[in-house]
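Asker: Take a look at this one; I'll ask things after.
The values are calculated or read from the model by the stated rules, or taken from the named source; none is laboratory data. Everything quoted here is computed from the prediction, not taken from an experiment. Because the Cβ atoms are built from the backbone with ideal geometry, glycine has one as well, and the counts that use them run over all protein chains shown.
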C-alpha cells in the first residue's frame with residue numbers, strides 16, 4: 001500500500017441510510033440498554049447483584065443497527081460472549097501478568113469464536129473485561145460470571161427478537177434460503193450487468209446497516225457471475 005492509497009482509505013463512506021432510520025436505530029439501541037439495566041437491577045439474586053457488561057453496548061450496535069449482519073445473529077451473540085468469557089476467565093487464572101493475560105484473552109477469544117462459528121466482535125471485549133477486573137470476578141466465582149454473561153446476552157437477544165420483528169422491513173434472525181436463480185435477458189437465460197449504482201439503490205430499500213461496502217458487493221457479484229459463466233461453459237462442452 002502506497003501513501004496515496006493509505007490516505008484514500010480514510011475517505012468517509014456514506015451509507016445510503018435515511019436520517020429517520022439512523023435516529024430510530026439510536027433510540028432503539030438506547031432504550032434496549034435502559035431496559036437491560038432495569039431487568040438486571042430487578043433480577044432476583046440473593047448473593048451478588050448482576051452487572052451490565054460494557055461489551056453488551058457494542059452488541060446493541062449490531063443487534064439494532066445491523067440486525068442482518070451474520071455477526072448479529074443469535075448464536076454469534078450468545079456463543080461469542082460465552083466462549084470469550086471463558087477465554088478471559090482462563091487467562092486471568094493462568095497468566096500472572098495482566099498485560100500478557102489481556103493479550104492472551106483476546107487472542108484466545110478470537111480463536112475460540114471462529115472455531116465455534118460464533119464470531120462476535122464485542123465478545124473480545126468481554127474477554128478483556130474479565131482480565132481487567134479479574135480480582136472482582138475471581139472473588140465472586142465462575143458461576144456468577146457465567147450468569148452475568150448469560151443474563152446480558154439472553155435479555156439483549158429477547159429485546160432484539162421483539163423489536164426487529166415489530167419494525168417494518170426487518171426480520172430477525174435472518175432466514176437463509178438456499179435457492180438458485182437465473183437472470184433472464186431478452187427471454188434467454190443470461191447474466192445482468194450490475195453496477196455500483198444498482199447496489200446503492202438496493203441498499204436504500206433495506207432497513208438497517210449491511211456491514212459490507214457497495215464496492216465489495218459489486219466485486220462479489222462480478223466474481224460469482226464469472227464463475228457461473230465458467231461452469232456454464234464447461235457444462236455445454
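To keep it simple, each residue is scored yes or no on (1) out of contact with any helix residue (DSSP H, G or I) (no Cβ under 6 Å at 6 or more places or on another chain); (2) within 20 Å of residue 145 (Cα to Cα); (3) assigned by TED's automatic domain parsing to the domain that holds residue 151; (4) free of Cβ contacts under 8 Å to residues at least 24 places away in the same chain.
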position: 31; (1), (2), (3), (4): yes, no, yes, yes
position: 34; (1), (2), (3), (4): yes, no, yes, yes
position: 67; (1), (2), (3), (4): no, no, yes, no
position: 75; (1), (2), (3), (4): yes, yes, yes, no
position: 79; (1), (2), (3), (4): yes, yes, yes, no
position: 84; (1), (2), (3), (4): no, yes, yes, no
position: 91; (1), (2), (3), (4): no, yes, yes, no
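Asker: Same structure, new question: Going residue by residue through region 5-23, is there one that turns out to be surrounded by fewer than 19 Cβ atoms within 10 Å (Cβ to Cβ), under 25 Å from residue 172 (Cβ atoms), within 15 Å of the chain's Cα centre (by Cα) and at pLDDT 90 or above?
Answerer: No - not one qualifying residue is present in region 5-23.
Asker: Right, something else. Taking the residues in region 94-129 that are in contact with a helix residue (DSSP H, G or I) (Cβ under 7 Å, 6 or more places away or on another chain) and assigned to a loop (DSSP other than H, G, I, E, B) as candidates, determine which candidate is farthest from residue 78 (Cα to Cα).
Answerer: 95
Asker: Can you tell me how many residues in region 134-156 are within 23 Å of residue 34 (Cβ to Cβ) and free of Cβ contacts under 8 Å to residues at least 60 places away in the same chain?
Answerer: Final tally of qualifying residues: 0.
Asker: On to the next question. Report, by residue number, each residue of region 90-109 that is surrounded by fewer than 18 Cβ atoms within 10 Å (Cβ to Cβ) and at pLDDT 95 or above.
Answerer: Matches in region 90-109: 100, 103, 107.
Asker: Against the conditions (1) without any contact (Cβ under 8 Å) to a residue 60 or more places away in the chain; (2) surrounded by fewer than 19 Cβ atoms within 10 Å (Cβ to Cβ); (3) under 15 Å from the mean Cα position of the chain (by Cα), where does residue 49 fall short? Just the number, please.
Answerer: Residue 49 satisfies every listed condition except (3).
Asker: Still on this structure, I have one more. Would it be correct to say that residue 165 is at pLDDT below 95 and over 19 Å from residue 60 (Cα atoms)?
Answerer: no
Asker: Can you name the residue in region 36-46 that is more than 20 Å from the chain's Cα centre (by Cα) and part of a helix (DSSP H, G or I) and is also nearest to residue 151 (Cα to Cα) among such residues?
Answerer: Restricting to residues being more than 20 Å from the chain's Cα centre (by Cα) and part of a helix (DSSP H, G or I), the top hit is 40.
Asker: Across region 36-53, which residue is nearest to residue 130 (Cα to Cα) among those that are modelled with pLDDT of 90 or more and touching a helix residue (DSSP H, G or I) at 6+ places or on another chain (Cβ under 9 Å)?
Answerer: The selected residue is 53.
Asker: Looking at (1) surrounded by fewer than 17 Cβ atoms within 10 Å (Cβ to Cβ); (2) closer than 23 Å to residue 52 by Cβ, can you tell me which one residue 116 breaks?
Answerer: With respect to (1) surrounded by fewer than 17 Cβ atoms within 10 Å (Cβ to Cβ); (2) closer than 23 Å to residue 52 by Cβ, residue 116 is out only on (2).
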